[in-house]
Structures are given as C-alpha cells and as structure tokens.
Amino acid sequence: MSQAALSLNTRRGAFRVTVDGDPDAPALILSNSLGTTLEMWDPQVAALAKAFRLVRYDTRGHGGSPVTPGPYDFDGLGQDVLAVLDALAIETAAFCGISMGGHTGLWLGVHAPARLRALAVCNSAARIGAASAWHERAAAVRANGAAGMQALADSAPGRWFSEGFIQAQPAVVQRAQAGLARIAPEGYAACCEALATSDLRDSLHRIDVPTLLLAGAHDPVTTVAHAQAMQAAIAGAQLAVVPASHLSNLEAPQAFEQVVLEFMASALVR
Ligand SMILES: O=C(O)CC1=CCC(=O)O1
C-alpha cells in the first residue's frame, strides 16, 4: 500500500509527490513518461520501496503538478527534479525515468551529476522523435483541447504496448489510456515542445554516473538501437533489453524491476 500523494512546495512550484519506503534508505526518484502520472509506477512501488526511500512526482504539465504555459524545455524539467529533491532535503538520489522521464535523467546526468548516485534511463533516447512531429502534436492538442487528448488516448496503445499485451491485458491498457485523456492539454503540448527542442546526443559523453539503459525489445518509439547508441557514448553504461514495448514497466513489470534493482544494487555499492 503506497502513501497518499502530497502537494510539495518547492522553489519551482507545488509538485504532486509520493514518498514511500524507509526514510533512512537511499533515495530513488522516479520520473514519468509523456501523458502519464506518478501512478504509472504503481506496479513497482512494492518492490522498489523495500530497498529505497522511493520518491515519485508528476512531471510539470501532468497530473497535480504545475501546468504553467509552455513551451517547456529540459533545463526546466531537470531543474524541477532538483527542486523536488531540495524540498525533501535529499542531497543525492538514484534516478529512474521512462521515455520523457529518462530524457530528464540524461539531462541530470549531463548537468547535475553531483546530485545523482545512479541513473536508469528506460525506453528513452538522446533525441526522441522528430521536432516537426512534436510541434504538430502540440499544435493539435492546443487546437482541440480535451478532444485532442482523447484522440491521443485512442491512438496510444500502438505507441505504448505490443499487440499481444493489448489483447491480453485490456484493463491495464484502458487505465493508461484514461489517464492520458485526463492530462491537461497545455501541459502535454508544452512537454511535446520540450521533446521537440532537446537533443543530448553531443553531451552524453559527459555523463560519468553509473548508468543503465533499459530498452524494450518491441519498442517502436525509442528502440534498442537508440539505447545501443547511448551505450556507445556513455562510458561504462550497461544495456538491458526486456520483452516489452514502450511502457515496459507496465508490460513487463517483473523483468523491469529485476533489471533496475540489480543495476541499482551494483551501482550503489561502488
Ligand atoms: O508518443 C508517445 O506517447 C510516446 C512517448 C514519447 C515520449 C514519451 O515520454 O512518450
């Protein structure tokens, strides 16, 4: 049973946060993907909170965190993480993020390495998608509001899950779609614009924290090849491939948890 979400006052606004696990354990902060909230991590809470002081937050523009007008950028999304850590008096933390959340982790690895003990970048890339496609998506959402979010939710299963999983686990898929339909259009659009403008490919070589790159074997968005390219650029980075599509923590929760926990255990004893 996880703790109720709280509204955490930080220097960058009031973020919706949950904190589970032993307050004296090492901190691990989890960062959600585009169009989801901290609830995306519900399947992982029991396993991860046994070993960590587990912090989850809604990324800006999502859930109960500030929906400030866009565009956003990853300097801002990364500073948000540091503000959450500061508000909780956490000096250093391990970080795990999926997709947009993983890209936020890459930004932190480049710009705030002193705050990170370990970095798990899951289903992500140093450059996610094409700028023009993100700008088009942002414009469509701003133009169509809630109906635009519903259209994105209708098309989400093919971006997020493999066909077999969609057939086998319709309740999980529908819950994720319903969550996406509830995201504020401006917050979603503003994050699309952050993705449009961020390219960390030339900065990855600066990351020197222990790094895991977790990819989904069937992910059509951020592919195994994207993870391999990041591995080639980040010294000592580990690569793991799990049998899943894009939202791998939902599609292959046990494999996801095992890979992340094994990586964190080895990284945190260094
Ligand atoms: O388009 C999607 O929903 C997939 C995705 C890209 C970045 C992200 O966080 O999710």
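Details
- Panel note: the C-alpha atoms of region 24-78, placed on their principal axes, show extents of 37, 20, 15 Å (largest first).
- Cβ-based net charge around Ala217, under 14 Å, with every Lys or Arg adding one and every Asp or Glu removing one: -3
- Shape metrics for region 202-246, restricted to C-alpha atoms - Rg then Dmax, Å: 10.6, 30
- Over the Cα atoms of region 1-138, the radius of gyration divided by the Kirkwood radius equals 0.94; this is the Rg/Rh ratio.
- Dipole orientation for region 80-137: of the candidates Ala131, Ala112, Phe95, Ala131 has the Cα lying most toward the positive pole (charges on Cβ; Lys, Arg +1; Asp, Glu -1).
- Near Ala143: Cβ cut-off under 13 Å, other residues only, Lys/Arg at +1 and Asp/Glu at -1. The net charge is 0.
- Sum of -39500 (n - 2.57) over DSSP H runs of 4+, divided by residues of the chain (222 nm, nearest 500): -14500 deg cm²/dmol
- Scattering curve values for region 186-270, log₁₀ I(q)/I(0), Debye with Cα scatterers, q = 0.18, 0.19, 0.21 Å⁻¹: -0.91, -0.99, -1.10
- Take the Kirkwood radius over Cα pairs of the chain, plug it into Stokes-Einstein at 20 °C and 1.002 mPa s, and you get 118 µm²/s for translational diffusion.
- Here the Karplus curve 6.51 cos²θ - 1.76 cosθ + 1.60, taken at θ = phi - 60°, turns the phi angles of region 175-185 into couplings of 5, 5, 5, 5, x, 4, 5, 8, 5, 5, x Hz, with x standing for Gly and Pro.
- For region 222-270, the mean projected area of the C-alpha convex hull, equal to one quarter of the hull surface, is 3.6 nm².
- Interchain or long-range residues, amide H under 5 Å from Leu8's placed H: Phe15, Arg16, Val17
- Region 15-82, dipole about Cα centre (Lys/Arg Cβ +1, Asp/Glu Cβ -1), debye to the nearest 20: 60
- Rounded to the nearest 20 debye, the dipole magnitude of the chain is 200 debye, with +1 charges on Lys and Arg beta carbons, -1 on Asp and Glu beta carbons, and the Cα centre as origin.
Every number here is computed from the coordinates shown, using simple stated rules; none is lab data. Only a predicted model underlies this, so the values are computations on that prediction, with no experimental measurement involved. Because the Cβ atoms are built from the backbone with ideal geometry, glycine has one as well, and the counts that use them run over all protein chains shown.
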